[in-house]
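**Q** The structure is given below, and queries will be raised subsequently.
The values are calculated or read from the model by the stated rules, or taken from the named source; none is laboratory data. None of the values given here were measured: they were computed from a predicted structure. Please note: Cβ atoms are built from the backbone with ideal geometry, for glycine as well, and neighbour counts cover all protein chains shown.
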Amino acid sequence: MKHLILFGIQGSGKGTQAAKIVKEFPAYKHIEMGDILRGLKGMDNHLGNYFKQIDQGKYVSDSVTTAIFDIFMSIMEKGEYMLMDGFPRTKQQMYLFMDRMFRSKMEFEVILLDIPKDISLQRLDQRQFYRKDGYVYHIRNRHDLEFATEHGYEIFHREDDNAAAVEKRLQQHIKLTLPVIEYFKELGLLHVVDATRTPEEIYEDIRKIITKA
Ligand code: AP5
Ligand code: MG
């Protein structure tokens, strides 16, 4: 096994596939950058205010995300592997990431969940969450929806899943993240997976990549 980076536009299924990977391969530790930033946004102070920009779909500064990555890397233990979802997203983040990986002699694979914009937009439109005891849970299927409804838990959409923020996220992906993906492709590290299929079919391809690596 090697460390893994998941790339893909918003709604391509990074979080969905990461959950499957971690379930079968618990040695993978999921670093979901967007989720960490949403957690920080929840603070009612100056720091929390800074992170509210993600609701408009803006990328936060490289120094913030790279500091979070460094913290995450510092708590990795022997036999654990990083599963990166949403990092690195800019060339600056990629340079720091490559530097850390090179120095620590850590190898990694890169997977792009490939999906056209229109399908991803449909998925985001339908994506829902519920809140239970202060925690946020993704409604992944009918069972989750029934559970949340039965218990009267608050069901909601993510704040950056509105049309303007989705467009901003996509534009930033094209401008800032595509060059990173291109770079990994040139290095011969990129696996492109057709992410228009069912989550199970997509996961089968990912599984093959993980077990071969
Ligand atoms: P982040 O939370 O990472 O958002 P994103 O990249 O836009 O991706 P999403 O989480 O929206 O989609 P996903 O690919 O995880 O799809 P999911 O599995 O949920 O980042 C949020 C923000 O934080 C960024 O916009 C930025 O502001 C900031 N940020 C984060 N990292 C940063 C960084 N490194 N630098 C600077 N800023 C950063 O699936 C979507 C839906 O589709 C779900 O409802 C799911 O159930 C469904 N679905 C999934 N797969 C399938 C399938 N195969 N068939 C049918 N439905 C499916
Ligand atoms: Mg996600």
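**Q** Among the candidates LYS23, LYS29, LYS78, LYS14, which residue alone is within 12 Å of ligand 1 (Cβ to nearest atom), of a type in the set (Lys, Arg) and out of contact with any Pro (no Cβ under 6 Å at 6 or more places or on another chain)?
**A** LYS14
**Q** Another question, if that's okay. List every residue pair whose Cβ atoms sit under 6 Å apart, with the two residues 6 or more apart in sequence or on different chains, where the first one lies in the range 18-35 and is more than 13 Å from MET82 (Cα to Cα) and the second, anywhere, is buried (at least 16 other Cβ atoms within 10 Å of the Cβ).
**A** Going by the 6 Å Cβ cut-off, the qualifying pairs are LYS20/TYR203; GLY34/GLY86.
**Q** Given the criteria farther than 21 Å from HIS3 by Cα, within 16 Å of ligand 2 (Cβ to nearest atom) and without any contact (Cβ under 8 Å) to a residue 12 or more places away in the chain, does GLY57 qualify?
**A** no
**Q** Let me ask something additional. Out of the residues in the range 75-91 that are in a loop (DSSP other than H, G, I, E, B) and surrounded by 15 or more Cβ atoms within 10 Å (Cβ to Cβ), state the one that is farthest from ligand 2 (Cβ to nearest atom).
**A** MET76
**Q** So is LEU47 crowded, with 20+ Cβ neighbours inside 10 Å and over 22 Å from ASN162 (Cβ atoms) or not?
**A** For LEU47, the condition - crowded, with 20+ Cβ neighbours inside 10 Å and over 22 Å from ASN162 (Cβ atoms) - is not met.
**Q** Does TYR137 satisfy the condition of being touching a strand residue (DSSP E or B) at 6+ places or on another chain (Cβ under 9 Å), among the aromatic types (Phe, Trp, Tyr) and without any contact (Cβ under 8 Å) to a residue 60 or more places away in the chain?
**A** yes
**Q** While we're looking at this one, here's another question. I'm trying to understand the selection: among the residues of the range 20-43, which are within 15 Å of ligand 2 (Cβ to nearest atom), in contact with a strand residue (DSSP E or B) (Cβ under 8 Å, 6 or more places away or on another chain) and under 21 Å from VAL192 (Cβ atoms)?
**A** ILE21
**Q** If THR198 meets every condition in (1) over 15 Å from GLY8 (Cβ atoms); (2) of a type in the set (Ser, Thr, Tyr); (3) in contact with a strand residue (DSSP E or B) (Cβ under 9 Å, 6 or more places away or on another chain) apart from one, which number is that one?
**A** Evaluating THR198 over (1) over 15 Å from GLY8 (Cβ atoms); (2) of a type in the set (Ser, Thr, Tyr); (3) in contact with a strand residue (DSSP E or B) (Cβ under 9 Å, 6 or more places away or on another chain) leaves (3) as the failure.
**Q** If the Cβ limit is 7 Å and pairs must be 6+ apart or interchain, which residue in the range 72-91 that is at positive phi pairs with which residue that is assigned to a loop (DSSP other than H, G, I, E, B) and modelled with pLDDT of 95 or more?
**A** GLY79/ALA27
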